[in-house]
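These notes concern the structure reproduced below.
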């Protein structure tokens, strides 16, 4: 028997092993027709592979189980029934439906609001490298037997903390109130200007558009945000200005 006949015979036997009788003749005819066409288009070798693949493709539940079972369910009637039932319920119990709809809307709004709040809190200051080991030092003061907590400490505490071996670097920060900058006879109100140690960028991580984290090691050095640089100079390329 030739290889062509052997391949054809195997494909036919495989098809006959699972195909119901009332479908077998029609499917066999389609396989033979496709095989003869593939021989002309692709050659005998490729046509054999396609013949086997086409036979395997017919091995599916709809054919194996003789089309008695259907694995596809049309959801349209079910959805239509749900819609009609819901509309009837709304017409009969408008007050009840209003309360349910209001409760569902309130629950969804609350969920979204809480999710946004929690997401913001969890992302706060996490852009700093090694943020797990960055701490802010606060203070407590006892006044008339009452403990008062403050978010500030004496400036002298910064250098003293270096005596602790666990401390790698510190930076003191102080807001400079009522500060103004003068450039080309133009006065700019810098309400958020901060005075800090040159080691600030050893503790906190910020991306520089120009310059680097050593910018404050110059006694006359200053670091500007993008917004402030645009306000003063009209550009972010402000080095040596």
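When residue 148 is evaluated against the numbered criteria (1) assigned by TED's automatic domain parsing to the domain that holds residue 216; (2) out of contact with any helix residue (DSSP H, G or I) (no Cβ under 8 Å at 6 or more places or on another chain); (3) not in a strand (DSSP E or B), which criterion, by number, is the only one it fails?
(3)
Pick from 229, 176: which is under 25 Å from residue 125 (Cβ atoms), free of Cβ contacts under 8 Å to residues at least 60 places away in the same chain, surrounded by 10 or more Cβ atoms within 10 Å (Cβ to Cβ) and under 34 Å from the mean Cα position of the chain (by Cα)?
Answer to the selection: 229.
The conditions are (1) assigned to a loop (DSSP other than H, G, I, E, B); (2) in contact with a strand residue (DSSP E or B) (Cβ under 8 Å, 6 or more places away or on another chain), and residue 181 fails exactly one of them. Which is it?
Only one criterion in (1) assigned to a loop (DSSP other than H, G, I, E, B); (2) in contact with a strand residue (DSSP E or B) (Cβ under 8 Å, 6 or more places away or on another chain) is unmet by residue 181, namely (1).
Evaluate the following for residue 166: is it at pLDDT 90 or above, in contact with a strand residue (DSSP E or B) (Cβ under 7 Å, 6 or more places away or on another chain) and loosely packed, with under 12 Cβ neighbours inside 10 Å?
no
Inside region 116-131, can you point out the residues that are over 15 Å from the mean Cα position of the chain (by Cα), without any contact (Cβ under 8 Å) to a residue 12 or more places away in the chain and farther than 19 Å from residue 168 by Cβ?
Those that are over 15 Å from the mean Cα position of the chain (by Cα), without any contact (Cβ under 8 Å) to a residue 12 or more places away in the chain and farther than 19 Å from residue 168 by Cβ: 117, 118, 121, 124, 126.
Can you name the number of the only condition in (1) modelled with pLDDT of 90 or more; (2) surrounded by 11 or more Cβ atoms within 10 Å (Cβ to Cβ); (3) under 35 Å from the mean Cα position of the chain (by Cα) that residue 101 fails?
(1)
The values are calculated or read from the model by the stated rules, or taken from the named source; none is laboratory data. All values reported here derive from a predicted model rather than from experimental measurement. Here Cβ is always computed from backbone atoms with ideal geometry, including for glycine, and neighbour counts include all displayed protein chains.
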